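**Q** One structure follows; several queries about it will come next.
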Amino acid sequence: MPQAIEPDQLSGAPHPRHRSVLFGQEAAERAFLTGFRSGRLHHAWLIGGMQGIGKATLAYRIARFVLAYGHAPERAADDLAISPDHPAARQVAALSHPDLFILRRLAATDKKAATTTIPVEQVRKALHLFGSTAAAAGYRICIVDSAEDLTPPSANALLKMVEEPPPRSLFLILAHEPRRVLPTIRSRCRRLDLAPLSPSDLTHVLESIDTVADGPEAIAAAVNRAEGSARRAFELLDPAKRETVETMEQLLADLPREDTGRVLAFAEKMARKGAEEEFALALETLQSWVSELLHRHAHAGARRLAPLVEVCDKIARAAREADIYNLDRRPLVLTMFGDLAGAVRALE
């Protein structure tokens, strides 16, 4: 029986906690290691950056390292690598370490559907963990993957922990857009921003994944369109997802002209059951297109650019609501292209 996909795992790819290597983020690793060796490790870290550049992989590397050496930092190694055979590594891989708590969306069960947010009840469970004594006089660690999935009540519950942390507590909060994290949480965290990956690093990531059987040409093509994201490069190896990106790019390139037939067909495709990952990829394609368009028209001034920014915020809110409430994505897609067409006309 195939292993079930976890809520914070990309279909077909290994879960980040099972990744023993992290490519391209040596500067971030050094920054954390410097803080650890100083003996004054900050209790909360906001690990930011676009999706698919190693935030979760780094968080689990940090967790393994600190759980292995937190009780005796003077014996720590010179990097964050931990042998897969180390007891802490095995426990993290099995999610069985008593001092590690993961805040993430919940997977579906026989009785309940998967959650689209991190429930406040999960955060309250973490409060109980941080109210106990850590094993072997080490650290208690909480990984939040990701801050975008927190509801207002769960974000406020997390804030309570971050504001009044017990001794030897460590919070690793992942955020694709750190500026959207609750300001009171953000102000109590040390920022650790990860950079987009280089083409060389992206290639190494893809070649290190057992399920990738594509040849060098296919990998190079995916890397060239991935914009520094290993997640995006991996998805672009899937012909169906690559077609989604290409269709989205063409529809955006045609704006402000709308091909109603093609938009309707695309809306139908995005609305079908099981298209969540493809729709997320379409939204990422939109974000990249908007970013490039804003850069290209920076000389136009804030007033002319404002409609496009407002439309993007509206689309992001609508997509979030569709995800949370399991709404039909057809109206969202149709409205999205209509609003984008109007915003592009304002730039002409």
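**Q** Report the full-extension gain for the segment residue 200 to residue 187: residue separation times 0.36 nm, less the Cα-Cα distance, to one decimal in nm.
**A** 1.2 nm
**Q** How large is Rg/Rh for the range 18-93, to two decimals, with Cα atoms and a Kirkwood Rh?
**A** So for the range 18-93, dividing Rg by the Kirkwood Rh gives 0.93.
**Q** Quickly work out the residue 95-to-residue 11 label distance, labels modelled 7 Å from Cα along the C-beta direction, and quote it in nm with one decimal.
**A** 1.9
**Q** Give me, ordered by chain and number, the residues 5 or more places off residue 190 or on other chains with an amide H under 5 Å from its own placed amide H.
**A** 44, 45, 46
**Q** Grab the eigenvalues of the alpha-carbon gyration tensor for the chain, scale each by 5, take roots, and send me the semi-axes largest first in whole angstrom.
**A** After diagonalising the Cα gyration tensor, the semi-axes are 37, 23, 20 Å.
**Q** Follow-up question, since we're still on this one. Once the piece of chain linking residue 334 and residue 273 is laid out straight, how much longer is it, given 0.36 nm per residue of separation minus the C-alpha distance between them?
**A** Full-extension gain reported as 20.2 nm.
**Q** Next question. If amide hydrogens are placed 1.01 Å from N in the peptide plane, which non-local residues have theirs closer than 5 Å to the one on residue 103?
**A** Hits under the 5 Å cutoff: 143, 144, 145.
**Q** Per residue, how much accessible area does the chain show when a 1.4 Å probe rolls over the protein heavy atoms, in square angstrom?
**A** Here the residues of the chain average 50 Å² of exposed surface.
**Q** While we're on this one: Using Cα atoms only, what is the angle between the long axis of helix 152-163 and the major principal axis of the chain, expressed in degrees (0 to 90) to the nearest 10?
**A** On a 0 to 90 degree scale, this one is about 30.
**Q** Could you check how many percent of all C-alpha pairs in the range 54-123 are farther apart than 13 Å?
**A** That fraction is 70 percent.
**Q** Normalising by the residue count of the range 199-348, find the relative contact order in percent from Cα pairs under 8 Å and 6+ residues apart.
**A** This gives 24 percent for the range 199-348.
**Q** Right, next: Springs between alpha-carbon pairs under 10 angstrom, Gaussian network model over the chain: which of 283, 236, 174 fluctuates most?
**A** 283
**Q** Please name whichever of 87, 213, 265 sits farthest to the positive end of the charge dipole of the chain, dipole taken about the Cα centre and charges placed at Cβ: Lys and Arg +1, Asp and Glu -1.
**A** The Cα lying farthest towards the positive end belongs to 87.
**Q** Now, a different point. Set the Förster radius R0 to 25 Å, insert the Cβ-Cβ distance between residue 180 and residue 303 as r into 1/(1 + (r/R0)^6), and round the FRET efficiency to 0.05.
**A** After rounding to 0.05, the efficiency reads 0.55.
**Q** Treat each spin label as a single point 7 Å out from the Cα along the C-beta direction, and report the residue 42 to residue 310 distance in nm.
**A** The modelled label-to-label distance comes out at 3.6 nm.
**Q** Probe radius 1.4 Å, ligands and nucleic acids ignored: give me the carbon and sulfur share of the accessible area of the chain as a rounded percent.
**A** 53
**Q** For the chain, take the longest principal axis of its alpha carbons; what is the angle in degrees between that and the long axis of helix 302-325, to the nearest 10 within 0 to 90?
**A** Long axis of 302-325 versus the principal axis of the chain: about 70 degrees.
**Q** Quick one: length gained pulling residue 34 to residue 321 fully straight, 0.36 nm per residue minus the C-alpha distance?
**A** Net length gain for the segment: 99.3 nm.
**Q** Give me the Kirkwood hydrodynamic radius of the range 155-236, using the inverse of the mean 1/r over all pairs of distinct Cα atoms, in Å to one decimal.
**A** Mean inverse Cα-Cα distance, inverted, gives 15.3 Å.
**Q** Can you give the calculated 222 nm mean residue ellipticity of the chain, where each DSSP H run of n ≥ 4 adds -39,500 (n - 2.57) and the sum is split over every residue, rounded to the nearest 500 deg cm²/dmol?
**A** After summing the helix terms and dividing by the residues of the chain, the value is -16000 deg cm²/dmol.
**Q** Right, next: Binning at 10 angstrom from zero up to the longest distance, how are the C-alpha pair distances of the range 21-147 distributed in percent?
**A** It works out to 11, 40, 36, 11, 1, in whole percents.
**Q** For residue 296 and residue 132, what is the calculated FRET efficiency with R₀ set at 51 Å and r taken between the beta-carbons, to the nearest 0.05?
**A** In this case the efficiency is close to 0.40.
**Q** Excluding residue 91 itself, what net charge comes from residues whose Cβ is under 10 Å from its Cβ, given Lys and Arg +1 and Asp and Glu -1?
**A** Counting the neighbours of residue 91, the net charge comes to +1.
**Q** If you don't mind, another one. If all Cα-Cα distances of the range 115-263 are sorted into 10 Å bins from 0 onward, what percent lands in each bin, rounded to whole numbers?
**A** 9, 26, 23, 25, 13, 3, 0
**Q** For residue 241, go through the lysines and keep the ones whose alpha-carbon is under 29 Å away, minus same-chain ones fewer than eight residues off.
**A** 55, 112, 269, 273, 314
**Q** Let me know the Kirkwood hydrodynamic radius for the range 236-320, please, with Cα pairs as the basis and the value in Å to one decimal.
**A** 13.9
The values are calculated or read from the model by the stated rules, or taken from the named source; none is laboratory data. The structure presented is a predicted model; accordingly, all values stated were derived computationally and were not measured. Because the Cβ atoms are built from the backbone with ideal geometry, glycine has one as well, and the counts that use them run over all protein chains shown. Please note that ligands, DNA and RNA were not included when accessible areas were found on the heavy atoms of the full protein model with its side chains. Shrake-Rupley method; radii C 1.70, N 1.55, O 1.52, S 1.80 Å.
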